[in-house]
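Novice: Before anything else, here's the structure in question.
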């Protein structure tokens with residue numbers, strides 16, 4: 001019998017015996033829809049040229065990735081210090097070049113410390129609309145700039161920014177499959193497991209304080225949790241077979257996962273301490289990879305109940321199972337968008353996988369990546385604008401991010417190892 | 001045109017559903033048969049071991065040899081039949097696995113056909129609505145009134161939707177986003193516009209789900225009951241019965257809850273909902 005379970009075992013084996021194939025790297029660039037962006041200029045002042053350029057680079061990238069701004073070049077703008085209000089001459093100059101908002105950052109190195117004085121002005125009135133001084137050690141410079149960026153995004157759009165978000169992923173850079181966390185732009189990566197075993201399918205808790213994952217740490221594939229604040233880690237399941245693909249409910253109180261304890265893989269739920277085990281699916285076929293809708297009322301998952309792996313939806317109590325995907329003979333790894341309006345998944349197309357997006361009512365199916373290589377394990381940014389995924393397009397497996405409309409592909413990992421299974425943190 | 005298209009589809013789908021049911025019953029028969037063979041095998045094994053245990057220490061060499069010969073004979077006979085039973089069991093298990101795969105493939109075809117039919121019927125709803133609108137405008141013209149264009153629906157829930165399927169989809173989106181009040185209004189608007197529409201049972205079912213998600217279990221039970229009364233042939237009926245059970249359980253009316261869980265188990269024994277209902281029946285005091 002065709003079995004997703006066997007395929008998963010095979011994938012695990014492939015993960016263990018990771019391969020490398022050379023493939024040409026292709027970046028996508030398509031035109032975005034006509035969303036009105038705010039023309040913004042960024043000026044970084046200070047005496048330390050290297051520091052200035054580092055701050056500028058991080059901030060400009062962050063603001064661009066927020067997709068709220070058009071960065072306007074402002075080479076001719078000269079500023080002394082950080083004024084409380086923009087003078088008429090400066091305002092005139094900015095308005096004539098179409099700038100609606102100006103960010104000024106004064107950065108100073110003070111021994112081991114960095115001081116960043118960030119200000120945001122509205123050019124129409126010349127008023128200062130946000131000001132904050134940041135102080136921190138040199139090694140958290142990027143983090144400080146990300147904070148400033150998120151503040152600017154929030155002041156200008158009312159939405160929470162994603163510059164301080166992080167991505168957990170699996171990498172074999174230390175030999176075995178261990179979990180790592182990096183900033184959303186691919187920097188500041190650090191290992192969070194170190195058990196020299198296989199650790200896969202990590203997922204953030206909705207409050208960002210914990211990560212659940214599947215590990216062979218104690219010899220058997222079970223679901224584990226690590227608390228990022230205390231570094232404490234513990235096992236949630238202890239069934240002697242396979243317990244895989246854990247997923248947190250939006251309220252953080254329940255974890256859905258797939259288990260082989262009934263012969264074939266079925267979806268169960270348990271509380272965050274591994275108690276209160278409840279069987280959710282009673283389906284002839286393998287049911288894996290649950291993902292919750294943001295309301296917690298629905299779960300989407302992969303099942304081969306119809307002969308080939310497809311995406312299904314059901315109420316999170318297991319009732320009213322409906323098939324969502326009808327195109328293609330292999331669709332898996334669903335990820336519900338944070339606003340609930342889209343579901344991303346891996347769709348097989350001509351032998352390799354692509355990232356597809358569909359509405360929860362089955363309409364508007366789109367393939368947003370086009371190879372080469374295979375694209376798998378999609379996960380949404382908390383603002384719902386980006387998707388991170390693992391791709392073999394560069395030969396090795398690496399983590400990428402792409403705009404949900406298929407534009408702005410960016411590679412995030414570049415460590416010469418295989419990097420898989422990314423999951424984007426909440427903001 | 002669409003109706004003409006629908007009837008062959010309906011026939012094909014019915015055949016597949018019926019053959020699916022046939023396969024399912026054959027599948028169950030096979031499962032029973034395999035279990036029966038397992039029992040026979042176990043019995044045979046138990047008999048052999050009992051015979052061996054009951055073997056007394058020989059008092060006389062001649063008798064002992066005779067007994068041994070007899071046992072050896074019986075043993076070889078039993079071994080032969082056990083071998084045969086094991087082979088039969090393996091054959092049955094192979095066929096069982098094959099049938100399970102066949103059932104899944106048929107299940108897939110049923111899902112795909114149902115989906116195609118749903119797409120077609122959704123279009124036909126929109127066409128019906130468009131025809132109604134055109135004839136209304138024609139009537140107006142014949143009566144000498146100026147042609148006033150009005151949208152097919154004037155929704156407050158599901159704003160800016162203009163065809164029944166758009167209204168339905170917008171309401172479904174509202175449900176998914178947790179905008180339950182908007183979704184309820186939108187689905188009721190759909191039902192007002194297309195009371196006999198093909199998505200009407202689903203719309204009513206989702207209204208029940210919205211009330212349930214809002215924690216208004218009393219209303220959800222009433223709406224789910226309407227689904228079972230008004231649309232007894234809908235594929236949502238099993239879930240509706242089960243959700244009535246859940247609703248009554250939330251309302252602390254365990255007797256009614258049990259009644260509906262039993263209904264699901266008895267009327268739809270092979271559904272996933274029946275398995276969920278069985279769990280509730282075991283847990284409810």
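Novice: First measure r as the distance between the Cβ atoms of residue B:138 and residue A:363, then evaluate 1/(1 + (r/R0)^6) with R0 = 35 Å and state the FRET efficiency to the nearest 0.05.
Specialist: With a Förster radius of 35 Å, E is 0.65.
Novice: To the nearest 10 degrees, how steeply does helix A:4-16 sit against the main Cα axis of chain A, on a 0 to 90 scale?
Specialist: 60
Novice: For residue B:75 paired with residue A:220, estimate the spin-label separation in nm (one decimal), with each label point 7 Å from Cα along the Cα-to-Cβ line.
Specialist: 3.8
Novice: So, R0 is 35 Å and r is the distance between the beta-carbons of residue B:123 and residue A:352; what FRET efficiency does that work out to, to 0.05?
Specialist: Calculated transfer efficiency: 0.55.
Novice: What FRET efficiency comes out for the pair residue B:88/residue B:131, r = Cβ-Cβ distance, R0 = 51 Å, nearest 0.05?
Specialist: The calculated FRET efficiency here is 0.25.
Novice: Express in nm, to one decimal, how much length is gained between residue A:370 and residue A:64 on full extension, taking 0.36 nm for each residue of separation and deducting their alpha carbon distance.
Specialist: Residue separation times 0.36 nm, minus the Cα-Cα distance, leaves 107.8 nm.
Novice: Count, for each residue of A:336-344, the Cβ atoms from other chains sitting within 10 Å of its Cβ, then give me the mean as a whole number.
Specialist: Across A:336-344, the average partner-chain Cβ count within 10 Å equals 2.
Novice: In nm, to one decimal, how far is the residue A:159 label point from the residue A:411 one, both placed 7 Å along Cα→Cβ?
Specialist: 2.8
Novice: Classify the range A:242-359 from the C-alpha gyration tensor, please: rounded if a/c falls under 1.5, else prolate or oblate depending on whether a/b exceeds b/c.
Specialist: Oblate shape, in that a/c is at least 1.5 and b/c is the bigger or equal ratio.
Novice: On a 0 to 90 degree scale, rounded to 10, what angle separates helix A:49-66 from the longest Cα axis of chain A?
Specialist: Approximately 50 degrees, to the nearest 10.
Novice: Relative contact order of chain A: what whole-number percent is it, with Cα pairs under 8 angstrom and at least 6 residues apart?
Specialist: 13
Novice: Could I have the simple spin-label model distance between residue A:50 and residue B:95, label points 7 Å from Cα toward Cβ, reported in nm to one decimal?
Specialist: Between residue A:50 and residue B:95, the label points sit 7.9 nm apart.
Novice: With just the Cα atoms defining each centre, how far is the range A:99-137 from the range A:330-363? Give it in Å.
Specialist: Taking the Cα centre of each part, the range A:99-137 and the range A:330-363 sit 41 Å apart.
Novice: In whole angstrom, how far apart do the alpha carbon centroids of the range A:387-427 and the range B:168-233 sit?
Specialist: Each part reduced to its Cα centre gives a spacing of 40 Å.
Novice: Mind pulling the angle between the C-alpha long axis of helix A:141-157 and the longest principal axis of chain A? Nearest 10 degrees, somewhere in 0 to 90.
Specialist: The two axes meet at around 80 degrees.
FYI, it's all coordinate maths here, none of it is from the lab. The structure displayed is predicted, hence computed values, not measured ones. All Cβ positions, glycine included, derive from the backbone under ideal geometry; neighbour counts span all protein chains shown.
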